[in-house]
Each structure stands twice: as C-alpha cells, then as structure tokens.
Amino acid sequence: MPVPWFLLSLALGRSPVVLSLERLVGPQDATHCSPGLSCRLWDSDILCLPGDIVPAPGPVLAPTHLQTELVLRCQKETDCDLCLRVAVHLAVHGHWEEPEDEEKFGGAADSGVEEPRNASLQAQVVLSFQAYPTARCVLLEVQVPAALVQFGQSVGSVVYDCFEAALGSEVRIWSYTQPRYEKELNHTQQLPALPWLNVSADGDNVHLVLNVSEEQHFGLSLYWNQTGPQIITLNHTDLVPCLCIQVWPLEPDSVRTNICPFREDPRAHQNLWQAARLQLLTLQSWLLDAPCSLPAEAALCWRAPGGDPCQPLVPPLSWENVTVDVLEFPLLKGHPNLCVQVNSSEKLQLQECLWADSLGPLKDDVLLLETRGPQDNRSLCALEPSGCTSLPSKASTRAARLGEYLLQDLQSGQCLQLWDDDLGALWACPMDKYIHKRWALVWLACLLFAAALSLILLLKKDHAKAAARGRAALLLYSADDSGFERLVGALASALCQLPLRVAVDLWSRRELSAQGPVAWFHAQRRQTLQEGGVVVLLFSPGAVALCSEWLQDGVSGPGAHGPHDAFRASLSCVLPDFLQGRAPGSYVGACFDRLLHPDAVPALFRTVPVFTLPSQLPDFLGALQQPRAPRSGRLQERAEQVSRALQPALDSYFHPPGTPAPGRGVGPGAGPGAGDGT
C-alpha cells in the first residue's frame, strides 16, 4: 500500500524538506554486488528452509555482516512504498584440505567450490525476511574470482533491492548459504513509527498525548478544516511563549506559513511560570518541567522556620544557567530546609523546597558557612535573617549566644555536612536541643504526671460506668404456654432490679417480627458476648424436648410454637458454642423447682452450671456477675429480693398439690417434687 507523503514526513523528519530517501523506479526486485564480484537473483522466491549445518569441504563464502537502508520504491512521482535495502557482506572461511582429506570429502564437496586452488568460489546466499504478516526468502548467486580469494578476508558485498515494509513494523532478516556451513546471520530493525496522538478528558480539560521517543523532534499543529476567512479565539490561559500557528492549504506538498506571536507576550510568560514545576530526580539532580524552554538562573537557598524569606546561598554557591532540563548541584546530603530558586529576567519566578517531601518539614537548624582561604585559613559564620554572623561573636543574635556550643557540635561531628569543595563547605547544625534543654525534664515530669492522672481517671470512669450499667444478660426460653411466659417475664423483671441489663424476646416482639427470630437472636447474642455478658438458657420440658430433637436430627421438628419463639431459632447458634467448647464462662443454665430436674437437661448443656430456682438463687446471681467482680456481701440480700419478686408468679403457675398445672408433665423430669432434692 503506498505510503502518503505526509505520513513519511511525520515519521522520518520534521518537514518534507529534510526527507532524503533514495528512490527506486519500477516494481522489480534487483541485486548488485561489489566490483570484481558477479551476482544473480533467482527469478522467484524460495522456501525458507535453512537445513542443518554441514562441514565445509574447503574454503567457502559465508555472510559476515548485514546492513540495511530505507529507500522508496516508486511507481509514479508521488506513488511510493517504503522499502528496506539489504547488503550482505561476504568473507572467505575455511582452508584447503590435505590430499587425504580431499579423498575423504571428495564425494560431499559443494558444487560451488572447485577443486583447483586457483579457481573461483561460488555461493548461494539466502536472505530471509519477516515482518508480520509478511515472510519472504530470496536466493542470490555470488561468484568470487580466484584473485580475490584470501582466507579470512572480506571479498565484498551483495545488495538486494528490496523488501517492502510498513511504518512502525519490526523487521527480522536472516542470511545463510545453501548448504549451510555456519550459523545463520540475523538482524532486527525497528522502522520509524507514527507519533500516535491520544485525546483524553479530565473534567473540563482535554489532554492531547503525543507518544514519541525522547530523541525525536516534532511539531504539533491544531488546525481548522474550513474554507474562507475565519476568526479563531484562543483562551488567554493557553497562551505560552512557544505557542506557534501554522497555516497551509490542504493540497499535496503545500507550503506552510509559521508564526509565533506570543514570544514576548507578558501573559504568555506568566502562564508559563504558573505551569512550571520543579521535580527532584536524585539527591543532586532536579528537573525544571515547563511547557517551553526559556533561559533562567537557578540557585540553592536556605529557608528557616518562622516564615522568613529563603536566603540564597550565593556565595559560596553560584547561579546556574538552566532551561527546561536537568540540573545538578554538588550536594553531599539533602536537607528539608534547602530550596531551589529560579530567576528569569532578574525576577524570582519559582521556589520549591524539593527535599521537604522526602525528609519531612522544616527543621530548626542553623546553617554554618565555612570559608577557606590560603594557608589553611578558614572562617565560620551562621546564616541568620539579619545576615551571616561570624563565630565566635559577641553579638546579641541567637546563633552568637550559642556559638560556642555550635562550634563544639561541629568539631564532634554532630553537624550534617551538605556541601564541600576547595573554597568552603556548608554544615547544618541542630538547634532545638539547646532551646528546649532546660525545660525538657520539667515537661517530661508534667507529661508523666498528666498521663498517670488520666489513666487513673479513665480506669475509675470505666469501672463506674461498668458498675452503673451492669452486665448484659440474654434470657432464652421455650414458650411452652402463656403461664410459663408470665413466669419468665417475672424473672426478667426481678433481675432488672439488680445491676443487670436483661434482654428477652418478650420485650422485643416488634423487632422480633421485623427481623425474624434467627436474625434477632444472632444480633442479641453477638452484642451480649462482645460486651462480656452472659447468655441464660432457661430450661423447661419444652426446651428439653427441642434440644433433644436438635441433638438427634440436627433440625427442630414441628411443634405448636409461635412465630416469636426465639429459643427454637437460637439452637442453630447456641449448639456450635457448646460443641466447640466456647460455652463455659459465657453461658449458664437454669430451671424452676418442681418443674424440671437438672438431670433432665441434656448432658451437652450441663458443661456449664445449671441452677434450680429459687432454691439456688444466690449461686445463680453470683454466676451472673462480672467474671472478675468480687463477691458482694449483699448477694444473699439480693437473692431474697429476687425470690420475693418471683414468688407471686410461682404461686400463680404452680397450683396446690393434686391440681394439674399448666406446662407440667410435658417433658422428662416433670412433676411435683421433681426438683425438691436439689
């Protein structure tokens, strides 16, 4: 496919004027060779089969070097294809064998090698060309006269015109002889690529990204494809000194008119410095990144905390001329107080403390300037906002008052050397230790006292808060009947009179209906255990039956239990805690006297204490206290208080002997006097 002229100019040069490629007229391939050699190109391509390496029967011609060159194969004046010319350099390898060797190899000698030692050499040279998706192999016949045959010496080259290639493609070329006496010669060449332009959006801004190599120069033109007179408005924020305009008619090889009207525009220069940035590359080098290359001067300066201006370190350092390029300063160490100033037209345009990003904020250090004179004479001064104070000095400045200590630090190696040469040196000495030294112990004592006081108050506050709120207790039961639910409600209300926070599904029917029993219990159990609370399993004949069904079948069988029965839903979460040994310390069991014997509780649940109520109320209340809480002397008094509050509900639930009570005889161990022995 013919390559348009403007694409070749964009890929190979800055303008069509500098494009200089040799033009080959005609579509035929051709070959020519060095003077003294004769060569011929086979009429058609051959199969690319290099074959195995065979021993050379004597001196043979072998490729030693491949050389390529871009040319144009043109059908017409402006209808050209990009083409790759290949030159194969040849040399004589091998030597004449002794007579016995000749007899040995006589039958296998190459037809291109003649027996007489003064005969010419012939070779068939293969050129293999690969550039996706094209692959070709051509055969060149070369003959070298006997006068040029010198062992180990180059005899010349043969040139092939040419392999067609595409812009941006990677071309691989191999060369070898037939038969193949040596390893094939190979060469890879990357053809020039078009600088692809990508357009991306960033909010209201549009980015034009031109992907070119660092060594390639280019010009970018934004043009209007319009006819007739046009008025084009440019945003003033886009103006920079290097913004130029190019105008040309849309015709082949048209002359282009260039104008750069903003080189001296003050607004363009202001926009340039607003967009310029300094970037630290290494310890000693940094980059001035700006849209245009403009001459400027750069120097290091020292910026002390407190908002004072950055003081240029000139002398001892000097101003360096810089454009948009990398600049190096002979620094030994970096320091957050070191900054870079960039001046242009005798005006400060840019200042950044490049080392502050990696080394932290500004330090309260003093910069010492050492000046070296003849005969090893040297002097020291401390850089301050008022100037450079000589050390030692009787001045009233801060550096003068601490001059003796600064000199001691310098001699003991406590100062950081930033720069050094034959004329002087720069040292950064810390000052904060002198300013705060006298107050350090006082502040330390105050901080320790405040920390201890805060810790004591925090512990007391947490203890008081925990005592005031009480331990969380989640009460789980099986809703055997309405009478048993009233008995559970009485127990929960009595426990609330103690420092306990009781949660029971009787008081959360709305949340239970909205969330479902499983979700409600899972949330309550997780919150209770996270707060260090306790889960109370209140066993009844119905609860024992449900537990037995779960332990036998892994699921609860159907029963006459309402939608608010959280005990049935809780077994799927409670059982894993018991099976995995996590229940002790977080669970306790309980049952009512005359309703259920503790031995009727499944053995798995007896791994935690199981209490009968109200006969074992003191022990039950003790188990509900915080694990590390001391046993209170009022425990018996609280047990009596809970017993008195619970007794009316018990009397109402249990009828006089001989009268069937609701819920009695439902499960194992039920009946009058079932818990009397406990």
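The values are calculated or read from the model by the stated rules, or taken from the named source; none is laboratory data. Keep in mind that what you see is a predicted model, and the values were worked out from it rather than measured. A quick note on method: Cβ atoms are made from the backbone with ideal geometry, for glycine too, and the neighbour counts reach across all protein chains shown. Surface areas here come from the heavy atoms of the whole protein model, side chains and all, with no ligands, DNA or RNA. Shrake-Rupley method; radii C 1.70, N 1.55, O 1.52, S 1.80 Å.
Among the residues of region 449-468, the ones that are at pLDDT below 65 and within 47 Å of the chain's Cα centre (by Cα) come to 5 in all.
Exactly one residue among Val255, Val212, Val206 is modelled with pLDDT under 80 and not in a loop (DSSP other than H, G, I, E, B), and that residue is Val206. Only a single item in (1) surrounded by fewer than 18 Cβ atoms within 10 Å (Cβ to Cβ); (2) without any contact (Cβ under 8 Å) to a residue 60 or more places away in the chain is not met by Leu369, and it is number (1). Does Ser386 qualify as being closer than 25 Å to Gln408 by Cβ and open to solvent by 60 Å² or more (accessible area, probe 1.4 Å)? So Ser386 fits the description; yes. For region 60-80, a residue qualifies if it is open to solvent by 20 Å² or more (accessible area, probe 1.4 Å) and more than 28 Å from Val155 (Cβ to Cβ), and the qualifying residues are Gln75, Lys76, Glu77, Thr78, Asp79. Restricting Val536, Val502, Val518 to those that are surrounded by fewer than 23 Cβ atoms within 10 Å (Cβ to Cβ) and assigned to a strand (DSSP E or B) reduces the list to Val502. Look at region 282-297: where a residue is polar (S, T, N, Q) and a partner is part of a loop (DSSP other than H, G, I, E, B), sitting 6+ places away or on another chain with Cβ atoms under 7 Å, you get Gln284/Phe329; Gln284/Pro330; Ser293/Thr323; Ser293/Val324. Within region 255-302, track down each residue that is touching a Pro at 6+ places or on another chain (Cβ under 8 Å) and open to solvent by 80 Å² or more (accessible area, probe 1.4 Å). Listed by number, the residues that qualify are Arg263, Glu264. Restricting to region 390-435, and then to whatever is among the charged types (D, E, K, R) and in a helix (DSSP H, G or I), can you tell me which residue is most open to solvent (accessible area, probe 1.4 Å)? Once the filter is applied, the top-ranked residue is Arg401.
For region 40-55, give me each residue that is assigned to a loop (DSSP other than H, G, I, E, B) and under 18 Å from His93 (Cβ atoms). Listed by number, the residues that qualify are Pro50, Gly51, Asp52, Val54, Pro55.
To keep it simple, each residue is scored yes or no on (1) open to solvent by 50 Å² or more (accessible area, probe 1.4 Å); (2) closer than 24 Å to Gln122 by Cα.
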position	(1), (2)
Gly152	yes, yes
Ser157	no, yes
Asp161	no, yes
Leu167	no, no
Ile173	no, yes
Gln178	yes, yes
Glu182	yes, yes
Leu185	no, yes
Gln190	yes, no
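Is it the case that region 321-333 has a residue that's without any contact (Cβ under 8 Å) to a residue 24 or more places away in the chain and open to solvent by 20 Å² or more (accessible area, probe 1.4 Å)? No, there is no match, as no residue in region 321-333 is without any contact (Cβ under 8 Å) to a residue 24 or more places away in the chain and open to solvent by 20 Å² or more (accessible area, probe 1.4 Å). Taking region 578-620, which residues are part of a loop (DSSP other than H, G, I, E, B), more than 13 Å from Val534 (Cα to Cα) and not charged (D, E, K, R)? Residues satisfying the conditions are Gln580, Gly581, Leu595, Leu596, His597, Val601, Pro602, Pro614, Ser615, Gln616.
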